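Q: Let me begin by handing over the structure; questions about it come next.
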Amino acid sequence: MKHRWIVASVILSGTLLPALFIAQTTQTAQTEQPPGPYARIAILRALDGQTVDLEAGYIRHLEWHRQAKDTFRWYSYTVWASTERQRWLIYATFGQTSASLSNPVSPAEDERDNLLNVLPHAQFLGNGVYEFLPALSRGNGVPTPTPRAEYTTVDLNQGAGKAFEAALAAVQSKLQGETLWYRMVVGGNSPSYVRLRPRANLAAILDERADQALPDKVNGLISKMTVETLNLRPNMLVNVTPEPVR
């Protein structure tokens, strides 16, 4: 009987261990998949006198996302330094695939909660899908959730996209720190680009501004460029752990 038990154990182990190894390997591969190439970035402006109401309603809406077990990572920033968009709210999700963007959690219920908590206090002034450009960037397309970020928007003259990207790719190796470039693919005038530079504080943004200047050869390609400073809002994040304030 003992001999039979040993034989059975060996056979069972030979059957189960490879299957267990395959399952663990598959699970590890799934959790370590690189992020997708797409980001969705939206902009909200509070109606006159309703900034506090907007922020409170938006926090309630994010709680709906948590309760719905939304797997997206939602970042939220307020514009700190800008000529036109002071205190506007920018929210975004990064590292998405086309499939994930096409299958958000409970879209009908999401819209219903939005109508109840957010839209009575705000106006949408932007909502686009952007593609991460690794050849121009330093980073993987999903920004580090630092307390500050420099946010640059660039609108180009028609037909200037290829020359602009080639010029930035030529100096990519000189980038200092995390620098993420995205090309707008849906949601506005094209060609349009966004650069995000997450940083620990305002001093880091200011100290690196000379190193992060665009190459001179792109000046004639740009029709409009805006550089703003963003504050990450720790109370307005979903599935994102903010970096500590330094």
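The values are calculated or read from the model by the stated rules, or taken from the named source; none is laboratory data. Since this is a predicted model, take the numbers as computed values, not measurements. Here the Cβ positions follow ideal geometry from the backbone for every residue, glycine too, while neighbour counts run over all protein chains shown. Quick note on the areas: whole protein, heavy atoms, side chains included, nothing else; ligands and nucleic acids left out. Shrake-Rupley method; radii C 1.70, N 1.55, O 1.52, S 1.80 Å.
Q: Would you confirm, using the coordinates I've provided, whether T226 is open to solvent by 20 Å² or more (accessible area, probe 1.4 Å) and closer than 19 Å to R73 by Cα? Reasoning before the result, please.
A: Working: open to solvent by 20 Å² or more (accessible area, probe 1.4 Å): yes; closer than 19 Å to R73 by Cα: no.
Judged against the criteria, T226 is not a match.
Q: Also, quick follow-up: Keeping to the range 194-223, report how many residues are open to solvent by 50 Å² or more (accessible area, probe 1.4 Å) and either basic (K, R) or touching a helix residue (DSSP H, G or I) at 6+ places or on another chain (Cβ under 7 Å) (or both).
A: Qualifying residue count for the region: 2.
Q: Return the residues of the range 101-131 that are aromatic (F, W, Y) and either at pLDDT 95 or above or open to solvent by less than 60 Å² (accessible area, probe 1.4 Å) (or both); say none if nothing qualifies.
A: Y130, the sole residue that qualifies.
Q: Starting from the range 87-100, keep only residues that are at pLDDT below 95, then list their pairs with residues that are surrounded by 14 or more Cβ atoms within 10 Å (Cβ to Cβ) whose Cβ atoms are within a distance under 8 Å, requiring at least 6 positions of separation or different chains.
A: Taking only residues 6 or more apart or on different chains, the pairs are R87/A46; R87/T51; R87/T78; R87/V79.
Q: Of everything in the range 207-222, what is outside any loop (DSSP other than H, G, I, E, B), closer than 16 Å to E165 by Cβ and within 25 Å of the chain's Cα centre (by Cα)? Give them in sequence order.
A: I222
Q: Now a separate question. Taking only the range 164-192 into account, find how many residues are under 28 Å from D207 (Cα atoms) and either without any contact (Cβ under 8 Å) to a residue 12 or more places away in the chain or not in a strand (DSSP E or B) (or both).
A: 15
Q: Conditions first: (1) over 30 Å from E228 (Cβ atoms); (2) modelled with pLDDT of 95 or more; (3) polar (S, T, N, Q); (4) open to solvent by 60 Å² or more (accessible area, probe 1.4 Å). T28 passes all but one, so which condition is the exception?
A: In the conditions (1) over 30 Å from E228 (Cβ atoms); (2) modelled with pLDDT of 95 or more; (3) polar (S, T, N, Q); (4) open to solvent by 60 Å² or more (accessible area, probe 1.4 Å), T28 misses (2) alone.
Q: Check G161, G187, G139 and return the single one that is modelled with pLDDT under 95 and of a type outside the set (F, W, Y).
A: Result of the check over G161, G187, G139: G187.
Q: Quick check on my filter: what residues within the range 137-163 are part of a loop (DSSP other than H, G, I, E, B), farther than 17 Å from L202 by Cβ and open to solvent by 30 Å² or more (accessible area, probe 1.4 Å)?
A: Scanning the range 137-163 gives G139, N140, N157, Q158, G159.
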